[in-house]
Amino acid sequence: MGGKYRITGDAYPRMRRPRKRRRLVLAGVGAVVALGLAGWGTLQLIDVFTGGDKSAAAAGHKRACPTVKPAVAPAKALPKPAAVKVNVYNATTRSGLAKDAAEELKKRGFAIGEVGNASKEYDKKVPGTGVLLGAPAAKNGGFTVLGTQLAGAVEKIDTRKTGEIDLILGTKFKAFSTPQEATAAMTALTKPAPAPSPSC
């Protein structure tokens, strides 16, 4: 070739890309990476100091829970003392115990049936305060009402068809519950109980 493109010697000119463009590309990529790392670090710090998504989700969950008034369970219907017929038997060595106990229960409104000594099955074989003996139907009625008068009495079921209850007084029997205690116990049994509130 002639003129200013004349090649002299054994060296050839090389065509190179401008270095400025490569530097600009590298600088742009570095800036994007730096911004990404900075944003990720900022999010991590926010999670640390605010509790993260779990706290936000929990707060949102609480706000979404509807306000519901607690339901009230119906009151338990129990018979009146006058509707509970009680046979009083003495299984201890103390004479006149059954008669005294029957008179006290009568004052408290119970209907009294037979009064006397316990049968051989129970005579001097009741170590506690007493035994309530009756038909299965008494389990949710008469036993509960009579039980408010004598704490610690044991309930037993037999095959009788009638509705009366046998109260067999044991060796630990000293006295019935006070009228105030019995009334409080009865009130607690018949008072409507609030049903558990729904969990959110």
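The values are calculated or read from the model by the stated rules, or taken from the named source; none is laboratory data. None of these values were measured; they are calculated from a predicted model. Cβ coordinates were reconstructed from backbone atoms using ideal geometry, including for glycine residues, and neighbour counts include every protein chain displayed. All accessible areas refer to the heavy atoms of the entire protein, side chains included, with ligands and DNA or RNA removed. Shrake-Rupley method; radii C 1.70, N 1.55, O 1.52, S 1.80 Å.
Details
- Exceeding the 21 Å Cα-Cα cut-off - candidates Lys99/Lys174; Lys124/Lys161; Lys99/Lys139: Lys124/Lys161; Lys99/Lys139
- With every protein chain in place, segment 93-200: carbon and sulfur % of accessible area (1.4 Å): 56
- Amide hydrogen neighbours beyond the local backbone of Val154, cut-off 5 Å, H modeled: Gly130, Val131, Leu132
- For the peptides 140-150, 165-175, residues were scored by their other Cβ atoms within 10 Å and the scores averaged per peptide; the highest-first order is 140-150, 165-175.
- Phi angles of segment 105-114 translate, via the Karplus equation with coefficients 6.51, -1.76, 1.60 and θ = phi - 60°, into HN-Hα couplings of 5, 5, 4, 8, x, 7, 7, 9, x, 6 Hz per residue; Gly and Pro are given as x.
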